[in-house]
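Presented below is the structure to which this report refers.
The values are calculated or read from the model by the stated rules, or taken from the named source; none is laboratory data. Keep in mind that what you see is a predicted model, and the values were worked out from it rather than measured. Because the Cβ atoms are built from the backbone with ideal geometry, glycine has one as well, and the counts that use them run over all protein chains shown. Please note that ligands, DNA and RNA were not included when accessible areas were found on the heavy atoms of the full protein model with its side chains. Shrake-Rupley method; radii C 1.70, N 1.55, O 1.52, S 1.80 Å.
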Amino acid sequence: MYKRENTKVVTIGTRKIGGGNPVAIQSMTNTKTENVEATVKQILALEKAGCEIIRCTVPTPEAALALKEIKKQIHIPLVADIHFNYRLAIEAIKNGADKIRINPGNIGGEENIRKVVETAKEYHVPIRVGVNSGSLEKHLVEKYKGVTAQGLVESALDKVAMLEKYDFHDIVISIKSSDVLMCAKAYELAAQKTDYPLHVGITEAGTLYSGNIKSAVGLGIILNQGIGDTIRVSLTGDPINEISSAKLILKTLGLRKGGIEVVSCPTCGRTNIDIISLANQVETLASDYENLNIKVAVMGCVVNGPGEAKEADVGIAGGIGEGLLIKKGEVIRKVPEDQLLDTLRYELEHWGEEDVNTK
């Protein structure tokens with residue numbers, strides 16, 4: 001796979017992106033940022049789930065001030081999301097934001113851009129330039145006869161030029177669209193035209209079901225070309241789900257190692273256990289073992305279970321009132337059906353111990 005390693009390195013708090021650094025997982029809080037307690041609680045939960053960069057909206061002076069206290073209680077870089085008000089961008093930086101996200105075209109003109117850039121320089125805070133298909137400038141819509149990938153990239157690079165004019169180069173670019181293929185094309189074009197790090201995602205992707213499918217397709221196309229330095233899976237719902245989805249997308253593409261990969265068979269007429277419930281329980285169980293880099297299989301029957309699970313390190317297969325513990329396609333022993341999950345848990349707890357399969 002092509003790796004876009006010649007990107008600029010940008011430092012966001014304690015994390016470096018670009019230049020071949022691992023793709024970072026990002027999300028956004030949905031609390032009122034002014035509510036420090038609720039916002040910190042959500043960020044800490046996201047941290048535990050695997051979030052590596054967090055963005056908070058800053059629509060008011062109170063929200064900008066709250067960043068100072070939020071920063072004291074979290075452990076990952078904090079990005080301030082700013083719209084229209086350049087003063088809020090400046091205050092967010094002064095109150096500890098590790099990066100700000102703005103559209104330089106809508107914060108009130110050249111003088112305001114200059115003031116934000118000077119503050120960002122003073123505090124060594126990078127700026128993420130965000131462009132969205134829903135707000136593409138009228139002249140670009142007319143030029144390209146509609147909203148297009150070319151227009152989005154031109155808009156993004158125009159905004160970058162507004163910052164470069166003041167000798168500012170600590171920049172990250174994002175180009176968002178809910179049109180999956182347009183979004184992918186835009187990132188492909190951007191990767192050819194600039195060496196700034198790219199934050200990628202499919203905006204307004206939708207609910208947990210549709211959003212995951214659209215994000216997996218779009219991010220899969222983009223990331224598999226070596227494009228992307230940070231990602232967000234945008235979902236309508238609990239942002240915790242964004243993290244688990246992002247991790248799985250990165251693991252599926254071979255961009256991230258570690259953690260248990262759970263594979264499970266589809267249901268069929270041979271299944272005599274509640275395979276759907278069991279697979280979901282195993283997936284939940286597996287999330288507690290991020291230190292294990294193994295594959296776990298959940299199979300619905302003892303007929304094909306061992307064969308289908310042969311590529312897994314360990315697996316369980318259901319039967320009638322009992323099931324099998326399997327390792328590398330070999331049946332280790334039979335266990336009562338209601339002990340399958342506990343048997344697997346024991347294996348994971350003691351993984352790597354020589355005598356584990358004799359217990």
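Residue check: residue 206 meets all listed conditions (1) free of Cβ contacts under 8 Å to residues at least 40 places away in the same chain; (2) surrounded by 21 or more Cβ atoms within 10 Å (Cβ to Cβ) but one, namely (2). The single condition from (1) open to solvent by less than 10 Å² (accessible area, probe 1.4 Å); (2) closer than 30 Å to residue 254 by Cβ; (3) hydrophobic (A, V, I, L, M, F, W, C) that residue 93 fails is (2).
For every residue, the table says whether it meets (1) free of Cβ contacts under 8 Å to residues at least 60 places away in the same chain; (2) farther than 20 Å from residue 7 by Cβ; (3) among the basic types (Lys, Arg); (4) in a helix (DSSP H, G or I).
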position	(1), (2), (3), (4)
202	yes, yes, no, no
212	yes, yes, no, yes
221	yes, no, no, yes
227	no, no, no, no
237	yes, yes, no, no
250	no, no, no, yes
258	yes, yes, no, no
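Pairs are defined by a Cβ separation below 7 Å, a sequence spacing of at least 6 or placement on different chains, a first member in region 118-147 that is over 30 Å from residue 96 (Cα atoms), and a second member that is open to solvent by 90 Å² or more (accessible area, probe 1.4 Å); no pair meets this definition.
Considering only residues in region 99-118 that are assigned to a strand (DSSP E or B) and not hydrophobic (A, V, I, L, M, F, W, C), the one that is nearest to residue 173 (Cα to Cα) turns out to be 101.
Only a single criterion out of (1) buried (at least 16 other Cβ atoms within 10 Å of the Cβ); (2) assigned to a loop (DSSP other than H, G, I, E, B) is not satisfied by residue 254, namely (1). Selection of region 264-280 for residues being open to solvent by less than 60 Å² (accessible area, probe 1.4 Å) and in contact with a helix residue (DSSP H, G or I) (Cβ under 8 Å, 6 or more places away or on another chain) yields 265, 273, 278. You will find that of 261, 242, 283, the residue that is under 19 Å from the mean Cα position of the chain (by Cα), under 21 Å from residue 307 (Cβ atoms) and surrounded by 14 or more Cβ atoms within 10 Å (Cβ to Cβ) is 261 and no other. If you go through region 119-146 and keep only what is within 17 Å of residue 104 (Cβ to Cβ), modelled with pLDDT of 95 or more and part of a helix (DSSP H, G or I), you end up with 119, 120, 121. Checking each residue in region 35-88 for being open to solvent by 70 Å² or more (accessible area, probe 1.4 Å) and assigned to a loop (DSSP other than H, G, I, E, B) picks out 35, 59, 75, 83, 84. Restricting attention to region 150-179, the residues being of a type in the set (A, V, I, L, M, F, W, C) and in contact (Cβ under 8 Å) with a residue 40 or more places away in the chain number 8. Within region 186-206, the residues that satisfy the criterion of being more than 21 Å from residue 252 (Cβ to Cβ) and among the β-branched types (Val, Ile, Thr) are 194, 203. Look at region 275-292: where a residue is of a type in the set (A, V, I, L, M) and a partner is loosely packed, with under 15 Cβ neighbours inside 10 Å and not in a helix (DSSP H, G or I), sitting 6+ places away or on another chain with Cβ atoms under 6 Å, you get 275/267. Scanning region 127-143 turns up one or more residues that are basic (Lys, Arg) and open to solvent by less than 10 Å² (accessible area, probe 1.4 Å). With respect to the stated conditions, residue 216 fails to be touching a residue at least 60 places away in the same chain (Cβ under 8 Å) and surrounded by 16 or more Cβ atoms within 10 Å (Cβ to Cβ).
Here is the figure for region 172-183: residues that are buried (at least 22 other Cβ atoms within 10 Å of the Cβ) and part of a helix (DSSP H, G or I) total 1.
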